[in-house]
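Computed from the coordinates by the stated procedures, all read-outs in this text should not be read as laboratory data. Worth saying up front: this structure is predicted, and the values here are computed from it rather than measured. Neighbour counts are summed over all protein chains in view; Cβ atoms, including those assigned to glycine, are modelled from backbone coordinates with ideal geometry.
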Amino acid sequence: MPESAMNWPPIRKPPGTLRVAPNLGDYATAVASFSWDDARRELLGDPPGNINIAYLAVDRHVAAGRGDRIAIRWLGRKGERRNLTYQDLKLASDSFANVLRDLEVGPGDTVFALSERVPELYIAAIGTLKNRSVFCPLFPAFGPEPIHQRMSIGCGKLLVTTPMLYKRKVAQIRASLPDLQHVILIGEIGDLIEEAHGFDSVISIASDQFTIPETAPEDLALLHFTSGTTGKPKGAMHVHDAVVAHYITGKTALDFHESDIFWCTADPGWVTGTSYGIISPLTHGLTMVVDQADFDAARWYRILQDERVTVWYTAPTAIRMLMKAGPGLPRGFDLSALRFAGSVGEPLNPEGVAWGAEVLGLPIHDNWWQTETGGIMIANYAAMDIRPGSMGKPLPGIEAAVVRHEDDAVTVIEAPGEEGELALRAGWPSMFRGYLGEEERYRKCFSGEWYLTGDLARVDEDGYFWFVGRADDVIKSAGHLIGPFEVESAIMEHPAVAEVGVIGKPDPVAGEIVKAFVALKPGFEPGEDLRLDILGFARKRLGTAVAPKEIVFTEDLPRTRSGKIMRRLLKARELGLPEGDLSTLEGPA
Ligand code: AMP
């Protein structure tokens, strides 16, 4: 976020303009009086009931006589609609849990999902959690290679997907996934009958009564893959106890009330779409809108209007795309039902906050978190003045600081405005419990009691946190975190490529786009045909979500003496910025 962002005036919200009394009234009081034990008691009751996420999100409401409420209002791409009540969701997910049991997929086994946003995806998620299996959603725009990597690391035993995604992305890698025993296909399975089960047919023969076994708070529940600068994708493990944070952060940061109609635009293939697109809203017993279709400005305004959405959680790229569609379009829609709008995933420029105030009649509330934190950690609250461009203040129960760390020692930077790494004091319920099979990588995220986030930030004199950038080379494109190494490894497999370096190139809409610098093997000449061929090759393997948007040829790539490609230098050159310390550079660059 540029320095100038800090000069935007705060957006004040006189209490009279809030349509319902915010759950978090006075920030200082909420922080002082908060305890995780109280939050746990509020959700689980006293004496505490089963901590199983699916029980707390679904069955608990049915048991309390709220089964008739609509849990999911599903909007199909072609205008279809389907409502699932909490009772419907309970019965269907009971059936799915029984299907898993019948197929001998047990507690601790990983169930992967690769699906569009259709009701079956949500049923599978809840059913998996009921069975105490581990749910791992994948983004449907991934190509076969990211899917293969993640399913291999996660030892996926069962996959829920659609016939189209299976044929295009899974069939070719199935033989090299030895742990994968079952595939369940949503929709018409046709000629795939030999290879897979049909979702409807297995559900229809399974019993719709399932008793959720007693679940321990530390039982594994969710596996979410994320990326680092180097190495394979990391499987962040989350436990059932995380639901306490999902619940309470929905209450404080998104101001959930039971009567809300909530729309989270994120896909469950990314952590936001699971924590806040499935779990948190359901624990509040509200109605959530699920849209199958991809972004379309007019469609989105129509959904906000027609579904009378009251709380909306989206991302800066989507906001910038709506801004791009122009101010005339929203004038044709009645957006008056909306009372709270939030955003996450990448820096939200002050212009985005102000656009909300102008077009929606409410500013956008930015908040910050990441796959590893499992839930929102820093936020602008309904009752609080917004500093446009700032991520807000730490949630009650979360201690955040900007730190310097050297040789395993962490020093908290007290001086306002000084830049450092954003750190969180470890120990909140939705904190990841490890990277699957990578103890050392996990350990490196901590120094003493502090979890080091990999983000650079600063705090102003009033305690608002400001995002500065990433401390590493990961790329944020349209809110999706992409590891440059994963992209480079795929491009390296092209027969013409000798070496490749990948960076995030700033983009006015997507935040960053993936750009690759390619050096060719002897005998290959740079040219448009070869460039398109490499682009197509990368797309086919990585999928549209991960593949580069731009490829340029270069004679050779700057490397450190130890042989690592200096992405930092590639980026500085791309941006025309000072090249910084080149002392580790190999030879003349
Ligand atoms: P992910 O783990 O994919 O959710 O990505 C987490 C990363 O996204 C964070 O470490 C930040 O770099 C970035 N991020 C998330 N929310 C924000 C925000 N509100 N402002 C700036 N960056 C953000």
Distance in nm between pseudo-label sites at Phe524 and Arg12 (7 Å out along the Cβ direction from Cα): 6.1 nm
Amide H within-cut-off set for Cys264, under 5 Å, with H built and near neighbours excluded: Val289, Tyr313
The range 83-235 shape via C-alpha gyration tensor axes, a/c threshold 1.5: oblate
Percentage relative contact order, the range 156-250, counting C-alpha pairs under 8 Å, at least six apart: 18 percent
Separation in nanometres of the label points that stand 7 Å from Cα toward Cβ, at Leu329 and Asp556: 4.8 nm
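Taking 22 Å as R0, compute the FRET efficiency from the Cβ-Cβ separation of Val20 and Glu419 and round it to 0.05. All intermediate terms of the calculation are to be shown ahead of the outcome.
Numbers: r = 38 Å, r/R0 = 1.71.
Calculated value: 0.05.
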Distant-in-sequence amide H partners of Leu422 (H built 1.01 Å from N, under 5 Å): Val403, Thr453, Gly454, Asp455, Leu456, Ala457
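Nothing charged except the Cβ atoms of Lys and Arg (+1) and of Asp and Glu (-1): what's the magnitude of the dipole of the range 473-575 about its Cα centre? Round to the nearest 20 debye. Spell out each step's value before the answer.
Numbers: 16 positive and 15 negative charges, 80 e Å.
Using Cβ point charges on Lys, Arg, Asp and Glu, the range 473-575 gives about 380 debye.
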Value of relative contact order over the chain, rounded to a whole percent, pairs C-alpha under 8 Å and six or more apart: 14 percent
Given charges at Cβ of Lys, Arg, Asp, Glu: the range 83-235 dipole, positive-most of Pro217, Met151, Met164: Met151
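I'd like the GluC sites (Glu not before Pro) in the range 380-440 restricted to DSSP loop residues with at most 12 other Cβ atoms within 10 Å, sorted by number.
Details: sites: Glu399, Glu406, Glu414, Glu418, Glu419, Glu421, Glu438, Glu439, Glu440; in loops: Glu399, Glu414, Glu418, Glu419, Glu438.
Counting only loop positions with at most 12 other Cβ atoms within 10 Å, the GluC sites (Glu not before Pro) in the range 380-440 are Glu414, Glu418.
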Within the range 229-270, backbone nitrogen closer than 16 Å to the virtual label 7 Å beyond the Cα of Glu438 toward Cβ: 229-238
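If you take the Cα Rg of the range 473-575 and divide it by 2.2 N^0.38 Å, with N the number of residues, what do you get? It would help to have the intermediate numbers written out before the result.
Working: Rg = 12.8 Å, N = 103, 2.2 N^0.38 = 12.8 Å.
Computed over Cα atoms of the range 473-575, the ratio equals 1.00.
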Mean separation of Cα contacts under 8 Å (6+ apart) over length of the range 473-575, as relative contact order %: 28 percent
Rule-of-thumb Rg ratio for the chain [Cα; 2.2 N^0.38 Å; N residues]: 0.95
For a label point 7 Å along the Cα-to-beta-carbon line of Arg308, residues of the range 314-335 with backbone N under 18 Å: 333-335
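Subtract the Cα-Cα distance of Asp385 and Thr230 from 0.36 nm times their separation in residues, and report this length gain in nm to one decimal. Display every interim value, and only then the final one.
Values: separation 155, 0.36 × 155 = 55.80 nm, distance 3.92 nm.
Gain on stretching Asp385 to Thr230: 51.9 nm.
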Among the listed pairs Lys232/Lys540; Lys251/Lys393; Lys324/Lys549; Lys157/Lys234; Lys169/Lys564, those beyond 22 Å (Cα-Cα): Lys169/Lys564
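Among Val402, Val111, which comes first, second and so on when ranked by fewest other beta-carbon atoms within 10 Å?
Working: Val402 24, Val111 27.
The most exposed by this proxy come first: Val402, Val111.
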Estimated FRET transfer efficiency when R0 is 45 angstrom, pair Thr29-Glu351 (beta carbons, to 0.05): 0.90
Sorted largest first, extent of the range 317-427 alpha carbons per principal axis (Å): 58, 25, 24
